[in-house]
1. Report the residue count in the range B:304-341 for those that are in contact with a Lys or Arg (Cβ under 9 Å, 6 or more places away or on another chain), of a type in the set (Gly, Ala, Ser) and either surrounded by 24 or more Cβ atoms within 10 Å (Cβ to Cβ) or not assigned by TED's automatic domain parsing to the domain that holds B:Ala358 (or both).
2. Identify, please: which residue in the range A:159-181 is of a type in the set (S, T, N, Q) and within 7 Å of chain B (Cβ to nearest Cβ) and is, among those, surrounded by the fewest Cβ atoms within 10 Å (Cβ to Cβ)?
3. Mind counting the residues in the range B:412-460 that are assigned to a helix (DSSP H, G or I) and not polar (S, T, N, Q)?
4. Of the residues B:Lys335, B:Lys314, B:Lys342, which single one is out of contact with any Gly (no Cβ under 8 Å at 6 or more places or on another chain) and either over 20 Å from B:Glu435 (Cβ atoms) or among the β-branched types (Val, Ile, Thr) (or both)?
5. Can you tell which of A:Pro464, A:Pro436 is surrounded by fewer than 14 Cβ atoms within 10 Å (Cβ to Cβ), outside the structural domain of A:Pro322 (by TED's automatic domain parsing) and farther than 28 Å from A:Val340 by Cβ?
6. Any residue in the range B:292-299 that is part of a loop (DSSP other than H, G, I, E, B), aliphatic (A, V, I, L, M) and open to solvent by less than 10 Å² (accessible area, probe 1.4 Å)?
7. Just to verify a result, which residue in the range B:182-205, among those that are open to solvent by 30 Å² or more (accessible area, probe 1.4 Å) and assigned to a loop (DSSP other than H, G, I, E, B), is nearest to the other protein chains (Cβ to nearest Cβ)?
8. Go through the range B:468-495 and report how many residues are open to solvent by 60 Å² or more (accessible area, probe 1.4 Å) and among the polar types (S, T, N, Q).
There are 2 protein chains.
Amino acid sequence: MATDLDIARAAKLLPIQEIASRAGIPAEALEPYGRYKAKIGLDFLRAQEGNRQGALVLVTGINPTAAGEGKTTTTVGLGDALNRIGTRAMIALREPSLGPCFGVKGGATGGGYAQVLPMEEINLHFTGDFHAITAANNLLAAMIDNHIYWGNELGIDARRISWRRAIDMNDRALRSINAALGGVPNGFPREDGFDISVASEVMAVFCLSKDLADLQDRLGRIIVAQSRDGRSITARDLKADGAMAALLRDALSPNLVQTLEGSPALVHGGPFANIAHGCNSVMATRLALQLADVVVTEAGFGADLGAEKFLDIKCRSAGLAPSACVVVATVRALKLHGGVAKSALGTEDVAAVTRGIANLARHVQNMQKFGLPVVVALNKFTTDTDAEVAAVRAAMAKLGTEAILCTHWADGAAGAEELAHAVKRIIAEGRAKFEPLYNDHLSLTGKIETVAREIYHAAGVSIPPPVAAKLKKFEEAGFGHVPVCIAKTQYSFSADPTLMGAPEGHILPLREVRLSAGAGFVVAIAGDVMTMPGLPRRPAAEAIGLDAAGRIEGLF
Amino acid sequence: MATDLDIARAAKLLPIQEIASRAGIPAEALEPYGRYKAKIGLDFLRAQEGNRQGALVLVTGINPTAAGEGKTTTTVGLGDALNRIGTRAMIALREPSLGPCFGVKGGATGGGYAQVLPMEEINLHFTGDFHAITAANNLLAAMIDNHIYWGNELGIDARRISWRRAIDMNDRALRSINAALGGVPNGFPREDGFDISVASEVMAVFCLSKDLADLQDRLGRIIVAQSRDGRSITARDLKADGAMAALLRDALSPNLVQTLEGSPALVHGGPFANIAHGCNSVMATRLALQLADVVVTEAGFGADLGAEKFLDIKCRSAGLAPSACVVVATVRALKLHGGVAKSALGTEDVAAVTRGIANLARHVQNMQKFGLPVVVALNKFTTDTDAEVAAVRAAMAKLGTEAILCTHWADGAAGAEELAHAVKRIIAEGRAKFEPLYNDHLSLTGKIETVAREIYHAAGVSIPPPVAAKLKKFEEAGFGHVPVCIAKTQYSFSADPTLMGAPEGHILPLREVRLSAGAGFVVAIAGDVMTMPGLPRRPAAEAIGLDAAGRIEGLF
């Protein structure tokens, strides 16, 4: 069977200028990066302000399982299918991180016959955006320690530095370090650590900024530490915001690439959907809406993490209102949520599918709480039986939702035509009445409790006293109005990754809260979730290499 | 007065395709990065193998001082001037590092009217090569700790891991760290540290590789640690070499840009000239020699560090033989070497200049030891007096060398015409008889002593017993034949940065030796030299930012 890489290599790509032209972008607006990637100039973006807006479609999914659901694949397949049936569609995706790429997950450019290309380049350095984000993060870190080294005029309390360093790599050894060891020339020793770059506040700021000025302003507002006398020290206090903005300037231009079927795709920004908000950049989404009739975008992980943040953080901040929501599932993944072992996925088991549907159903109902019409995309595997599929269809019908079998992985756009028609119909009917889940004026604790209750179906939130005190301090400092970004495991509605299906009555155990004053949200970390992943026993990196012709092999 | 950035911004750049065409590179061979930067495809490089070779001219300098000498500026000015007088010339430079750019030094794209452009982009991320090098370095580091975490099959001795992490930033707080703290999920605590990326072995490997296959092979040979039973553990043992090569694949294509006067310039690779070998990539130099009649290239810091390594490491490894050597100096810098205070540089002081000439004279004589004809480029400042210049000319004449006053900083190519004619004449006369300073079969200690005696004029080398034991081990392991890469301060012939002029009788105090088995040399660190710089009290970063039009300001 052809691998994703085989299919990608066999593809005949169009020059990026031609893809741009299809999307209504003139060649003068492009900064090409090779022949098949381009950044779109910020002048062009400014000129589109005030254009009419297309319809926004969010693709999200059930809680991910080891079986794989194909959320990116469906985003690409749906975009291609919309173009195939004559709707002018664009796709807006996140950029992949090197961490998962060398770890366990592989790339993030879709799969089968629903991919964005050139896959090797997008999965590795692409146009360098993440490297720019990492550099900006670490310049700020270096300037903090350097400030202390040269006399600490601002009175930074080295015990209260909240800014961490970042690297776009899965590297558990850097989670917790002692830095500045080795004596006088190396500075004042202190505890520190690295997050993966996609979990950094710079990534979140990058993705939420509306333009360059907003970017620099948000960077300046980032709070890095407290002083001995209790003041918040910002990146602006350290005079780091200008150089950080300079490092990010070119990166802020959205990246244009193409799908296997020649649809234009903007791939830009890529925060994780746990500690960060998990959606592509506001700049790319807005541009796509100004150029296309329908924009298909994706939020990370399951709908409890990615979609909730897409709606409560990104849409709220950028004034976006989706017209429809696609929830992706597979029969195999539902079986896992229904308690079947991975080895038994090939055997028909309608009862297990029915049990697992509870997970899907809750996500569908959650999306409906935001006022969004939902359609379920069921990605077909050859082992799925008619009875299993019928069980999903019947359960969804009870929720007023259609479940549509999709085969874009094997068939490309043709395999998602029915889904495209359904989405187009929903948009035409104008049924969406989008509202965020909670209001700005609710307390931070109230916001966390609302998400836990309404989305996770938790019985409550446990907040250790020091965490509660920190939340209170954030409110006193004037940050009570911001939304919350809850970081927890993606594998369960709860904070316990082993609780599959649709658990009830669990308690969300808050561990830590962090203020992202530049991004404009409070991160609330629950359970054991890590802001720096580790590599598995056999990292994907071991199989990656060059063949005799210098082509990259082993990427998936 | 116009700043370098003002001049750069006012320039009217030509499309990079036109610059390529001037250099004999067809548009199909280019991978454009924006409009004014391009990578040159490796297929095109392969097709040039066997072409006739142009003449190679090395630009080097006296020991750098706070007054600035203008080595890159002279490299650019000479290249432009050669083209101006009708010689088909190309320039081959190193890429700048973000560390010095945000620290004290500013950019590295020349100055005044002798610059390579676009300066903001070259100085910041350029085409992402350094980010790729950093990522490859740190992937290997993550795979080492991950290997230990999952059972340590290879028996790595955590106390004997020589591989360090890297970051392209001046960050003293990362020089020495304790990593993997925080308990079981984070691995086995150990001592570690970061070097600046330009000092990493991956950078050296990248710059010395002849092609992709050589790159992957060298990466695989990198020794990262010793096992408990004394075996050397390589990147290949960890199966990291393939993924590292994949990360570096696109970066290995040389970058083409242009000077202010439209000369083609390859800017590729950028190791520091202390811990690494300090010259641009072999791939770029060889390509330039295949395309141009004269290639002007530069080695870092003073000739004692950069030129010695260029000749003993790069030329030896790549089979290159320079035809001429240009040593850059200024009257102001010679005054500093002559003991004048920085505040008194504006006052005529022939005696001080004459004392300072000792530094220049020794560098000139050192280059003559390699069989190279030398010409001195004296970069003119308005405060230089005729008597001071005459003193330099007279001293150089005694060494059989011409000292030529240059004004390319103010006048562009026109200001380096006389220098260009002199260089052209030397090439035409075919006077160069290049020989490396020492033979491969000399012992490692013998090589270090030879450089110390012949180039630094040291009375001897002090080698602590553990360092001597390590050198012996390297020889026993079969690495006795490689050249040595001596890391010491750039400010003096000695290891003491305060000993200016031409000190005699000093002792070179070796502190540490490291085997770079992939790059193919032994690094010998002398004195206090750091492999990770720090930021100054007022980092250049503080002044960098964006203006209202989104243009970068404050870069110099």
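The values are calculated or read from the model by the stated rules, or taken from the named source; none is laboratory data. Only a predicted model underlies this, so the values are computations on that prediction, with no experimental measurement involved. Quick reminder, even Gly has a Cβ in these numbers, built from the backbone with ideal geometry, and neighbours come from all protein chains shown. Side chains are part of the model used for accessible areas, which takes the heavy atoms of the whole protein and leaves out ligands, DNA and RNA. Shrake-Rupley method; radii C 1.70, N 1.55, O 1.52, S 1.80 Å.
1. Matching residues across the range B:304-341 total 2.
2. Taking the range A:159-181 first, the residues of a type in the set (S, T, N, Q) are A:162, A:170, A:176, A:178.
Among the residues that remain, those that are also within 7 Å of chain B (Cβ to nearest Cβ) are: A:170, A:176, A:178.
Values: A:Asn170: 29, A:Ser176: 22, A:Asn178: 17.
In this case the residue turns out to be A:Asn178.
3. Taking the range B:412-460 and keeping what is assigned to a helix (DSSP H, G or I), we get B:412-429, B:444-454.
Checking which are not polar (S, T, N, Q) leaves us with B:412-429, B:444, B:446-449, B:451-454.
Going through the range B:412-460 one residue at a time, the tally reaches 27.
4. Values: B:Lys335 fails: out of contact with any Gly (no Cβ under 8 Å at 6 or more places or on another chain); B:Lys314 fails: either over 20 Å from B:Glu435 (Cβ atoms) or among the β-branched types (Val, Ile, Thr) (or both).
Testing whether each residue is out of contact with any Gly (no Cβ under 8 Å at 6 or more places or on another chain) and either over 20 Å from B:Glu435 (Cβ atoms) or among the β-branched types (Val, Ile, Thr) (or both) leaves just B:Lys342.
5. Sole residue among the options that is surrounded by fewer than 14 Cβ atoms within 10 Å (Cβ to Cβ), outside the structural domain of A:Pro322 (by TED's automatic domain parsing) and farther than 28 Å from A:Val340 by Cβ: A:Pro464.
6. Let us first name the residues in the range B:292-299 that are part of a loop (DSSP other than H, G, I, E, B), namely B:292-293.
Okay, now just the ones that are also aliphatic (A, V, I, L, M), so B:292.
Those still in the list that are open to solvent by less than 10 Å² (accessible area, probe 1.4 Å) too: B:292.
Within the range B:292-299 (the criterion being part of a loop (DSSP other than H, G, I, E, B), aliphatic (A, V, I, L, M) and open to solvent by less than 10 Å² (accessible area, probe 1.4 Å)), the answer is yes, since at least one residue qualifies.
7. Once the filter is applied, the top-ranked residue is B:Gly182.
8. 0
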